[in-house]
1. What does the charge count near Phe105 come to, summing +1 for each Lys or Arg and -1 for each Asp or Glu among other residues with Cβ under 9 Å from its Cβ?
2. Taking amide H atoms as placed 1.01 Å from N in the peptide plane, list the residues 5 or more away in sequence, or in a different chain, whose amide H sits under 5 Å from that of Arg125.
3. Over the alpha carbons of the chain, what is the largest minus smallest coordinate on each principal axis, giving the biggest first in Å?
4. If the label point is 7 Å along Cα→Cβ of Phe67, which residues in region 79-115 have backbone nitrogen under 14 Å from it?
5. What FRET efficiency, computed as 1/(1 + (r/R0)^6) with R0 = 35 Å and r the Cβ-Cβ distance, is obtained for Leu136 and Arg9, rounded to the nearest 0.05?
6. What's the FRET efficiency of Ser99 with Ile77 using the Cβ-Cβ distance as r and R₀ = 30 Å, to the nearest 0.05?
7. For the chain, what relative contact order do you get, as a whole percent, if you take Cα pairs closer than 8 Å and at least 6 residues apart?
8. What whole-number value in Å² describes the accessible area per residue of the chain for a 1.4 Å probe?
Amino acid sequence: MDLQTIADRIAIGDLLTRYAHAVDTKDWQLYRTVFTPDAHIDYTTAGGPVGDLDTVVTQLSVALELFSRTQHFVSNIDVTLRGDSATVRAMFFNPMIVSTGKQFFCGGWYNHELVRTGDGWRSTRLVEDSAWFDRLEQAFT
């Protein structure tokens with residue numbers, strides 16, 4: 001593996017960490033730095049928004065107010081590099097606490113299409129592939 005590939009993989013890992021941190025802290029300015037301005041984001045498998053960056057930030061910032069705490073763990077990062085573009089499939093595990101104090105868990109995969117920009121790697125497309133939920137109904141009753 002050459003140094004550029006190693007550097008790219010580290011930078012992509014950092015991008016995914018920044019994504020998780022932005023969502024968990026509800027820092028929507030930081031969240032925007034993960035994506036290109038024309039990115040397409042799709043959270044429909046989790047019952048979330050789909051659309052362009054502005055639409056998703058607007059809807060997600062309201063939806064996540066239901067939660068007093070969230071924590072995203074991102075792992076098993078599978079990166080395919082193709083010069084200045086890349087695809088990433090990474091697992092997530094996400095415990096969430098609703099404002100009533102009840103907790104549920106979910107997991108699945110994040111599927112990103114990335115491009116190298118002047119500001120580093122950015123996602124042009126994110127599709128969340130939710131695989132499972134545990135205690136979801138109990139958290140909202």
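1. Working: positive: Arg135; negative: Asp134.
Spelling it out: positives minus negatives among the neighbours equals 0.
2. For Arg125, whose amide H was placed from the backbone, the distant partners under 5 Å are His40, Glu113.
3. If we take the Cα atoms of the chain, the spans are 52, 28, 22 Å.
4. Backbone N within reach: 92-110.
5. On the way: r = 34 Å, r/R0 = 0.96.
Efficiency for this residue pair is about 0.55.
6. Numbers: r = 31 Å, r/R0 = 1.04.
Efficiency for this residue pair is about 0.45.
7. Working: 265 pairs, mean separation 31.2, N = 141.
Across the chain, relative contact order equals 22 percent.
8. Details: 7540 Å² over 141 residues.
Spelled out: the 1.4 Å probe surface of the chain, per residue, equals 53 Å².
The values are calculated or read from the model by the stated rules, or taken from the named source; none is laboratory data. Computed from a predicted model, the values in this text were never measured in an experiment. Neighbour counts are summed over all protein chains in view; Cβ atoms, including those assigned to glycine, are modelled from backbone coordinates with ideal geometry. With ligands, DNA and RNA removed, areas are computed over all heavy atoms of the protein, side chains included. Shrake-Rupley method; radii C 1.70, N 1.55, O 1.52, S 1.80 Å.
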